[in-house]
Ligand SMILES: *Cc1c(COP(=O)(O)O)cnc(C)c1O
C-alpha cells in the first residue's frame, strides 16, 4: 500500500508529566546518569525493545501506564527532580558567560558532515562524528553560544551485517525521523521552514530539523521532501554514500544550504568553524553574500578569513576531498558570475596544483585565520603535508596549529563509577570543570572498589557481546547447540582485549595475526589466557578494509580461536559504550603517523581500561610510561612491511612479557600492578583529554579572538578589511622586485657565547617602502631546522642606499653551539594577526 502521508499521534500526557515529551526531545538525557531510570520505570520492556530511544518510547507509552505513573508519588519525585535539574542545567550561567560577558550575544556556527550524539540519531560513521557530537555537548555544558549545522540522512550511515563467510553486508534502514530526537521547524503560520539551494537545472528544497543538545541547537537539512524529484530526494540518503558527484552535491547542500538555513532562521554567527573540508563550501556562500552586499571579492575574502576556523582531521592527502573543475564548474557557474570571478579565478580559490583539482581543505585553509590539527603529532604531519601550499616557508613555521581532541566525560563514563566519583570529588569530575586535582583524588579510590566496579562493567560488556553474537547466529538458523555454544564464549576471568573502531587499513586490525602460532599460544595458555573482541564497520567502497573484517571473522571461526576471538557486528555508540566501559585492555594499532588523534582510548582509560597502542595520535603525547603501554617506541620505517613486522614483534612481546603477567599476578585477589596503571591513567588522561578542556581552548584561542578580529575588520564600513586587502594587493604586485642583494657579516674576534654577530643586508624593495616589510635574521640548527624558541632577530633599516635600495642591520647575540643563519624579507603589517597571513618570503640567495 502507498501511504499518502504518515501521522504521528502522541498519547495524552497527564498534566503531572507534561514535560516528558520536551525532555525526550532534548539529548541532554543522553549524558545525564538518571535519565535511564526516568524512562525505564515507565515500561522496562518497551524501553529496552525500542533501544532506549526516549523519542520513540514516549510515542509508544500506553495511556494506562502514563496514568499510573502520574499517580505514583515515587515516580513523581524522580520526575520532578529530573525536571528541576534539566531547568537548572539550561538556566545556570555557564563558564562562557562568566568569562566573556562582552561576547555573550555573539555566536559561533559549527558545520560538520557527521555528528555522533546518540545511537538513536545514527548520522555518524566514526571518530570524526563522535568528536563533533562531544564538542556540542561540552559547548552546551560551558554555555558557549554555538549553533551547529549538518545533514539529516534518511538511512544514516549504513548498518552492518556479517555473513557466515565473514563478508560485510551494508543495509540502509529508512529512519523514521518522527521517532528520533529531531523536530521539523515550521514558521509561525505553520508552513515548514525551507531552504533552497541551486543545483544545475533545478532548485532543491531542504527541510530543516532541529535537534536539541542541552543548550545547543543542531540544525539538520533534509532533501527528502515532496518538493524535490525522486532522485533528488536521495541526495541526503546516506552519509558518505554514492559517487564523487553525490559527494559534491552533499557538500554543497551542507556548506551552501547550511549558511542559508541559519539565515532563514535569523541566526547570524560571527565565527564559523569548518569541521573538516566537507563543510568548506560555506565559505563560498558567505563570500557570495558579502559580494552581494556590494563588497569587492578580495575584501570579502579578508572578512571571511577574519571569522573562520578550520579543523583538519586527515593526515593523508587522499583523505582530503578534491573535485575536478569539470565536475565542479557546472555546479557553480552561477556563483562565479555572482562573485564576479571567471572560471579560472573561481577554481583558483582552491586549486591544488599537485592533484590538479579543487581541494576542499585548501579552500578552508586559504579562508581561515586559524587552521588546527587534532594532536601534536598530527600537527607535524599536517604541516609537512600542506607544505606544498607554502613553498617559501620552513615547515616549522607553517601556520597550522594543534588542539588535541578529547571526549565528553558524562557521555562515556559508566554510570557505575558515578557514586564513587561523586563521593570523592563532588561534581568536579564532570566535563565542564574536570580538573587534575579531582582526578588525582579519584585515583586514590580503594583498590577493592576499583576492581569490583571493573568486574561488574566487564561482565555487563561480555553479556552484551554474547547477546549480539547470539542474534547474529540466529539470523542464520543456528541449531540449538550452536546457540548454546555462545554461553561458553568469553569467560569473564580471562584478560579481555578490545579492538573497536572504523576498519581502515592503516589501523591494521591484522597486526595481531602476524604470527598465528604465537597468538594461539597466548590465547590458549591454560594458566594465563587472553581473549579478543573485534568490532567495526568498513566503508562500503573500501574493499580492502572489508577484506580485513572477513579475515578477522574467519579467524574467529577456527577451532583454536573459537569463542576466544569474536567479531561483534554493527558497531554503534551503544555498543561502543559497553566496550570502552568493559574492556580490560584497549588495543589500537595505527601505522604511525596516520592516526590524526583517536579518541576511543581516552574513553577506555576514563573507565579504568589500560591502553595499549602504537605511539600515534593522542597517545604519542599522553603516554608517560606508567599510564598504559606502548607498542614500540614510535619509530617510522621506510617500508610498510618492515614497520608492520617490527610493530607486531613489539605487540607480542609486550603482551606476553609485561601485560599478561601484570593482569594475572594477584595479591589477595587484586592485581596491584594493573590497578596502579589504572590510577596513573586517571591522573593523566581525563583531566587533559576531555572536551571541556578542548572547547575552552577552542573558545580562548580561536572563537573569541576571531570575534574581536571580525568586529574590528568590519567596523566603519569594512575599513580595516579594505586596508588589508589594499596592502596585500600592493605586496603581491610588487613582490617580484624584492631581493636581498648583499650580506655583510662581521664576526667578533672570538666567537664565544655572549659575543655578538653584526649582520647587515642590502635589500632592493622596488616600489615598496621599508615599513612595508620586515627583514629578519633566522637561526637554524646545523641541519637547517629552525631552532625552537630562538627569537628571530628583527633587523632595522639603517640607510637608504638608492631610491629602492636599503641597508638593514642587526646585532645577533651568540649562544654556545653550532648553528646556521640567514636573512629573509617578508610582508609586515600592523593589521596582520600573524605574519603568514600573506605567505610570501624572500630568502637571501647563496652568494
Ligand atoms: C570513539 C569512537 C570512535 C573513535 O575511534 P578511534 O579509533 O579512537 O579513532 C569510533 N567509533 C565509535 C563508535 C566511537 O565511539
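Assorted remarks:
- Among (1) within 16 Å of the ligand (Cβ to nearest atom); (2) touching a strand residue (DSSP E or B) at 6+ places or on another chain (Cβ under 7 Å); (3) touching a residue at least 40 places away in the same chain (Cβ under 8 Å); (4) not in a loop (DSSP other than H, G, I, E, B) - the single one residue 546 does not satisfy: (1)
- Filtered residue count, the range 754-781, keeping only those that are in a loop (DSSP other than H, G, I, E, B) and either out of contact with any strand residue (DSSP E or B) (no Cβ under 7 Å at 6 or more places or on another chain) or within 14 Å of residue 822 (Cα to Cα) (or both): 6
- Within the range 377-414, the set of residues being away from the ligand (no atom under 16 Å from the Cβ), more than 28 Å from residue 328 (Cβ to Cβ) and part of a helix (DSSP H, G or I) comprises 379, 380, 395, 396, 397.
- Single match in 129, 150, 143 (criterion: within 15 Å of the ligand (Cβ to nearest atom), buried (at least 21 other Cβ atoms within 10 Å of the Cβ) and either over 23 Å from the mean Cα position of the chain (by Cα) or modelled with pLDDT of 95 or more (or both)): 129
- The range 560-592 - residue that is away from the ligand (no atom under 14 Å from the Cβ) and out of contact with any strand residue (DSSP E or B) (no Cβ under 9 Å at 6 or more places or on another chain) and, of those, nearest to residue 639 (Cα to Cα): 560
- The residues in the range 499-535 that are assigned to a loop (DSSP other than H, G, I, E, B), surrounded by fewer than 22 Cβ atoms within 10 Å (Cβ to Cβ) and within 15 Å of the ligand (Cβ to nearest atom) can be counted, and the count is 2.
- Residue within the range 620-629 that is within 18 Å of the chain's Cα centre (by Cα) and within 14 Å of the ligand (Cβ to nearest atom) present: yes
For every residue, the table says whether it meets (1) over 30 Å from residue 844 (Cα atoms); (2) out of contact with any helix residue (DSSP H, G or I) (no Cβ under 8 Å at 6 or more places or on another chain).
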residue	(1), (2)
338	yes, no
344	yes, yes
368	no, no
379	no, yes
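- Among the residues listed as 596, 538, the single one being crowded, with 22+ Cβ neighbours inside 10 Å, within 11 Å of the ligand (Cβ to nearest atom) and closer than 30 Å to residue 318 by Cβ: 596
- Residues (touching a residue at least 12 places away in the same chain (Cβ under 8 Å), more than 28 Å from residue 712 (Cβ to Cβ) and outside any helix (DSSP H, G or I)) located in the range 232-275: 237, 238, 239, 240, 241
- Filtered residues of the range 280-327 (kept if surrounded by 24 or more Cβ atoms within 10 Å (Cβ to Cβ) and in a strand (DSSP E or B)): 308, 309, 310, 311
- Test: residue in the range 101-108 that is in contact (Cβ under 8 Å) with a residue 24 or more places away in the chain, surrounded by fewer than 24 Cβ atoms within 10 Å (Cβ to Cβ), more than 16 Å from the ligand (Cβ to nearest atom) and on the phi > 0 side of the Ramachandran plot: no
- Considered as a group, the residues in the range 599-619 that are assigned to a helix (DSSP H, G or I), touching a strand residue (DSSP E or B) at 6+ places or on another chain (Cβ under 6 Å) and farther than 23 Å from residue 664 by Cβ include one that is farthest from the ligand (Cβ to nearest atom), and that residue is 619.
- Being modelled with pLDDT under 95 and under 23 Å from the mean Cα position of the chain (by Cα) holds for only one residue in 541, 545, 576, and it is 541.
- Taken over the range 428-446, the criterion of being assigned to a loop (DSSP other than H, G, I, E, B) and under 26 Å from the mean Cα position of the chain (by Cα) is satisfied by 428, 429, 430, 431, 432, 433, 434, 435.
The values are calculated or read from the model by the stated rules, or taken from the named source; none is laboratory data. Treat the numbers as computed from the prediction; the structure is a model and nothing was measured. Note: ideal-geometry Cβ built from the backbone for every residue, glycine included; neighbour counts use all protein chains shown.
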